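Q: Dumping the structure here so I can ask a few things about it.
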Amino acid sequence: MAFDNESFEEEENFAEMFAASEKKQETSRIVEGEIVEIQEDENRALVGVGDKLEGIIYLDEIRGEDGELKFNTGDKIKVMIMGYYNERPKISYKKVLEQQKTIDFIDANKENFEDVVIEGIIVKKNRGGYVVEADDVSFFMPRSLAAFKDTDDVVGRKIKAQVVKIDEAENSIVVSRRKLFNEERKKKKEIIDKLMENDTIVEGTIKKITSYGMFVDVGGVDGLVHYNEISYKGPVNPSKLYKEGDTVTVKAISYDKDKRHLSLSIKAVLPDPWAEVESELDEGDTITVTVSNIEAYGVFVDLGNDIEGFLHISEITWDKNVKNPNDYLEVGQEIDVEVIEINPKTHKLRVSLKRLLPKPFDEFAKKYKEGDVVTGTVTSLTDFGAFVRIDSVEGLLHNQDISWEKNTKAKDVLKSGDEVEVKIAKINLEDQKISLNRKTLLESPIDKFATTHKVNSVVKGTIRDIKDFGIFVSLDDGVDALIRDEDLSPLVKEELEPGQEIEAAIAVIDTRRDRIRLSVKKLDYIKNQALLEEINDNQSHSLGDLIKDKFK
């Protein structure tokens, strides 16, 4: 913003007010005096300033940093006469030093004072503005150029301001905080405009590091390098790579005028390594990588050149029970992996370790065949059975293949970690599944039953269940048998109920298929045949007796 004539005239008026307020009774002047007496008890010295007049100066004004007095009785000393009180001159040695510093400041900066920025403390305020002190030099800042609300707590406030006027005659210096702000705003705009045009690349200094990025000073303007804009690896922890004060090369990528927020990028300055990945790698390629970070859900691997790939926990090994990747890999380890996905849009690359390892199922199929009896370890139990590990693969042992006893479940007889002997019932190469059987290695109740019973033997049992096609009967030794509807006659099915005792003849004992069939109809037939044979036996016996009697 231009510093117009009206503002300049206003400063002159304020400068005059400031100078007038400092003169008090008469114009201040510097004279050479002589110390006539030092009164330690009163903490003062009497100084003759001519015309037989003596002024009082406090000893604190003439003590050095070590606390010792700089002058003794009879020494010459320059003091400023600032007025009179009860005809005694008011003098100060400190004001002489301050005025000399002011004179030195004016002499040093009068040619280019508008480029000078001071940083000082507001020591007092008056009707016209504020007195700012910096390096023992007093400056005057008119209220209209303060650029803040006038409150009682402004005294003691630390500020920056720009020199706008120097009056050598009055030894006064006028400063403006408003002009400094305007100049800084203008300068920042010029810097930002330059950064945002033509993809300008600049060096900046890291001022502050946070969890979400770094604030970097680029020519007096602070911009944020978000942690996503540090590396092509993705979000990184900036404190692990940089420290405050480091110099970094950055490029401006956006500027929010409303929020005055400048976004910078480090990775935008670097060549995009993903371009090389897209041109050099294909899915299915085998590459050597280094383990860079291990998480519970997987492993990050370094391909070099700020490219990271991700190895999911499920792609580490063919073992389905991986709990912690640390059990298989360690940071810094070099491994060969297969590229399974390249996504250039999201800059994500997925790799697999297990695909380069022999498949456990293929190794199993080479070593075993259906019908083999093996010993495995129970790894888990479910409602439908148990999973049993054999070498590096798992097979399923269904509940119905656990035991010959009906309704027996794996949870009833097994627990995780148990070793169990099983028979490989089926190897499904297409689905890569293995079915196991335990009960075939146990003695079948029907085989045992067949050793003591034969077809046409008469047995008694209890009706267990009634179905549409017949009834199931429970016999001794945990054996079930089926009576089909057509074999129930002369019994009436509707008159039967579970728990009722029933007698029937054995129609079929099929040990291969583990089945027994009974027949009431056959029992009735057998009973009729037995009765007929008994009758025939009785009849034959009676006829013989008659013949014997006839030939006597």
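Q: Provide, for q = 0.20 Å⁻¹, the log10 of I(q)/I(0) from a solvent-free Debye sum over equal Cα point scatterers in region 198-269.
A: Debye output, listed in q order: -0.75.
Q: Non-local amide H neighbours of LYS78 (under 5 Å, H modeled in plane, Pro and chain starts lacking H): which ones?
A: GLY33
Q: Right, another one. Based on the Cα coordinates of the chain, what is the per residue volume of their convex hull in Å³?
A: It comes to 369 Å³ per residue, whole-number rounded.
Q: So, one more: Quick one: grab the alpha carbon gyration tensor of region 445-525, order the square roots of its eigenvalues as a ≥ b ≥ c, and give me rounded if a/c is under 1.5, else prolate or oblate depending on whether a/b is larger than b/c.
A: The shape class here is prolate.
Q: A follow-up question, please. How would region 360-441 be classified by its alpha-carbon gyration tensor: rounded, prolate or oblate, with rounded meaning a/c under 1.5 and the a/b versus b/c comparison settling the rest?
A: Cα axes put region 360-441 in the prolate bin.
Q: Using the crude model of +1 on Lys and Arg Cβ and -1 on Asp and Glu Cβ, and no other charge, please compute the dipole size for region 445-525 relative to its Cα centre, in debye to 20.
A: Charge dipole, region 445-525, about its Cα centre: 400 debye, nearest 20.
Q: A further question on this structure: Return the loop-located trypsin sites (Lys or Arg not before Pro) in region 463-496 (DSSP other than H, G, I, E, B) with at most 13 other Cβ atoms within 10 Å of their own Cβ; answer none if there are none.
A: LYS467
Q: Once the Cα atoms of helix 177-196 and of the chain are each reduced to a long axis, what angle between those two axes, in degrees from 0 to 90 to the nearest 10, is obtained?
A: Relative to the chain, helix 177-196 is tipped by roughly 50 degrees.
Q: Could you count how many Lys pairs in region 198-269 have their Cα atoms under 23 Å apart, skipping same-chain pairs fewer than 8 positions apart?
A: 22
Q: Using Cα centres only, tell me the gap between region 318-354 and region 194-211 in whole Å.
A: 35 Å
Q: Using Cα positions and a limit of under 29 Å, work out the lysines in reach of LYS527, with same-chain residues fewer than 8 apart set aside.
A: LYS448, LYS454, LYS460, LYS467, LYS493
Q: Let me ask another. Out of ASN72, GLY83, TYR212, whose Cα points farthest toward the positive end of the dipole of the chain (charges: +1 Lys, Arg; -1 Asp, Glu; placed on Cβ)?
A: TYR212
Q: Tell me which lysines have Cα within less than 26 Å of LYS125's Cα, excluding those fewer than 8 residues away on the same chain?
A: Once the sequence-local lysines are set aside, what remains near LYS125 is LYS23, LYS24, LYS90, LYS94, LYS95, LYS101, LYS110, LYS149, LYS158, LYS160, LYS165, LYS179.
Q: Karplus couplings for region 305-314 from phi (6.51 cos²θ - 1.76 cosθ + 1.60, θ = phi - 60°), rounded to Hz, Gly and Pro as x?
A: Working through the residues one at a time gives 6, 6, 10, 10, x, 10, 10, 5, 4, 6 Hz.
Q: Cα gyration tensor of region 210-337, axes a ≥ b ≥ c as square roots of the eigenvalues: rounded (a/c below 1.5), prolate (a/b > b/c) or oblate?
A: Taking the square roots of the gyration eigenvalues as a ≥ b ≥ c, region 210-337 is prolate.
Q: To the nearest 20 Debye, how big is the dipole of the chain about its Cα centre, given +1 on the beta carbon of each Lys and Arg and -1 on that of each Asp and Glu?
A: In total the dipole reaches around 1880 debye.
Q: Straight distance only, please: which lysines reach the Cα of LYS369 with their own Cα at less than 22 Å, same-chain residues fewer than 8 apart left out?
A: Partners within reach: LYS359, LYS423, LYS426, LYS433, LYS439.
Q: Now for a different question. For region 165-184 and region 363-408, what is the separation of their C-alpha centers, rounded to whole Å?
A: Value for the Cα centre distance between the two parts: 93 Å.
Any read-out appearing in this document is the output of simple, stated calculations on the displayed coordinates, not a laboratory observation. All values reported here derive from a predicted model rather than from experimental measurement. Note that we place each Cβ from the backbone using ideal geometry, even for glycine, and neighbour counts take in every protein chain shown.
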